[in-house]
Amino acid sequence: MIPDQLENILLGSAYLAPINSYRLLSRSKVAYIEGCDSYVKQSYRNRCVIASPQGPLALTIPIVKPAAGLHCMKDIQISEHGKWRHLHWNALVSSYSNSPYFMYYQDDLAPFYENHYTWLYDYNMELCQLMCSLLNIPVDIKPTDTFTSIIKDVVEAWEIHDFRTSIHPKFTPDEQLPYYTYQPYYQVFEQKYGFLDNLSIVDLLFNLGPEGLLYLDK
C-alpha cells in the first residue's frame with residue numbers, strides 16, 4: 001500500500017500529466033522527473049486526455065522525428081507541425097470555457113500555447129511546476145541527472161518510490177494506483193458522458209480550482 005506521505009518519488013515526464021501523477025506529487029516531499037530514460041511512443045510524455053464536448057479527447061504534441069534507435073527524453077524536440085499549439089488551446093477553450101475556474105486560470109496557461117518551446121522535457125517540466133504552484137502542492141520538483149535502474153533494495157534504502165512506468169495510458173487508473181478510491185467531482189459534461197476519472201490535471205484545476213488539492217489529498 002502506498003503511504004499517505006512519501007519522501008522521494010520518481011515520475012516520468014508528462015504533458016499536463018493525469019490526476020494520478022498529482023495524487024503522488026501532493027503526498028511527496030521531493031519528486032524527481034525522469035529525463036534520462038528512452039523516449040517511448042504512446043505514453044503521457046507528449047499526450048494528455050481532456051473532457052471535450054465530444055467526450056474524452058487526446059491532445060498530442062508532435063515531435064521532431066528522431067533518427068533510428070533509442071533517444072533520451074531530454075533530447076526530444078517539439079515540432080511545430082500542424083499548428084498544434086493553436087489546436088490544443090482551442091480544444092481547452094471549447095472544453096472548459098464553461099467550467100467554474102477556466103477564466104481564473106486561463107492567463108496562466110495561455111503563454112504555453114503562444115510561445116515556442118524547443119525541448120519537450122523542458123516544456124513538460126515548466127507545466128508541471130505551474131500546476132503544482134496553482135494547486136498549492138508544496139513538492140520540490142527536480143530533474144534527474146542520470147538514468148537509474150531502480151530495484152527493490154535501492155528503493156527501500158533511499159526511500160524512493162518509482163512510478164515511472166506505472167503511470168501509463170496502457171494501465172487503467174486502478175492499475176496505476178490500486179489503493180486509491182476514485183471519487184467523482186464536478187465535470188462540465190458529466191451528464192452527457194458520466195464521470196471521467198484520471199483525466200489531465202487541467203480538468204481538475206478548471207473544475208475545482210483551489211479545492212483541487214483537497215481532492216488530491218482525500
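The values are calculated or read from the model by the stated rules, or taken from the named source; none is laboratory data. All figures in this text were calculated on a predicted structure; none of them were measured in a lab. Note that we place each Cβ from the backbone using ideal geometry, even for glycine, and neighbour counts take in every protein chain shown.
In the set (1) under 30 Å from S38 (Cα atoms); (2) surrounded by 15 or more Cβ atoms within 10 Å (Cβ to Cβ); (3) over 15 Å from the mean Cα position of the chain (by Cα), Y121 fails one condition alone, (3). Pairs are defined by a Cβ separation below 6 Å, a sequence spacing of at least 6 or placement on different chains, a first member in region 80-107 that is of a type in the set (S, T, N, Q), and a second member that is part of a helix (DSSP H, G or I); the pairs so defined are S99/F206; S99/N207. Residues in region 191-210 that are part of a helix (DSSP H, G or I) and within 18 Å of the chain's Cα centre (by Cα): I201, V202, D203, L204, L205, F206, N207, L208, G209, P210. When the test is whether a residue is under 17 Å from the mean Cα position of the chain (by Cα) and either at pLDDT below 95 or of a type in the set (A, V, I, L, M, F, W, C) (or both), L214 does not pass it.
Each row is one residue, and each column tells you yes or no for (1) within 18 Å of L11 (Cα to Cα); (2) part of a helix (DSSP H, G or I); (3) at pLDDT 85 or above.
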| position | (1), (2), (3) |
| --- | --- |
| V40 | yes, no, no |
| S43 | yes, no, yes |
| C48 | yes, no, yes |
| A58 | no, no, yes |
| A67 | no, no, no |
| L70 | no, no, no |
| K74 | yes, yes, yes |
| G82 | no, yes, yes |
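If the condition is being of a type in the set (G, A, S) and touching a Phe, Trp or Tyr at 6+ places or on another chain (Cβ under 7 Å), then region 13-38 contributes S13, A14, A17, G35. Per the listing Y121, Y105, Y117, the residue uniquely over 28 Å from E211 (Cβ atoms) and in a helix (DSSP H, G or I) is Y121. Listed conditions (1) under 30 Å from S97 (Cβ atoms); (2) within 18 Å of the chain's Cα centre (by Cα); (3) among the hydrophobic types (A, V, I, L, M, F, W, C); (4) crowded, with 18+ Cβ neighbours inside 10 Å are all met by V188, apart from (2). If you go through region 162-185 and keep only what is modelled with pLDDT under 80 and over 12 Å from N198 (Cα atoms), you end up with P178, Y179.
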